[in-house]
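First up is the structure itself, then whatever we jot down about it.
All of the numbers you see were taken from the coordinates with simple rules; none came from a lab. Computed from a predicted structure; not experimentally measured. Using ideal geometry, Cβ is built from the backbone for each residue, glycine included, and neighbour counts are taken over all protein chains shown.
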């Protein structure tokens, strides 16, 4: 169960990042507001776009997955 203050990985149409749940939205197509850790930007997200990260190994794996995805996307653009 996701709650305010949780560390999450975000994989949405806006990109992939790590953030902290800031607020739960009512009556919106998005369910959560996430504060991106690197920039402090607010991102509206649905629960489907979030992965709860509750230990250091999960954070490390999330970052690795994000870097691999960037490399694959870059490779597809050059083909």
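Can you tell me which of 26, 31 is surrounded by 14 or more Cβ atoms within 10 Å (Cβ to Cβ) and without any contact (Cβ under 8 Å) to a residue 24 or more places away in the chain? So that I can check it myself, show each step before the final result.
Details: 26 fails: surrounded by 14 or more Cβ atoms within 10 Å (Cβ to Cβ).
Going through 26, 31 in turn, the sole match is 31.
Counting only residues that are assigned to a loop (DSSP other than H, G, I, E, B) and free of Cβ contacts under 8 Å to residues at least 12 places away in the same chain, region 10-23 holds 1 of them. Checking each residue in region 27-79 for being in a loop (DSSP other than H, G, I, E, B), more than 19 Å from residue 13 (Cα to Cα) and touching a strand residue (DSSP E or B) at 6+ places or on another chain (Cβ under 8 Å) picks out 53, 54.
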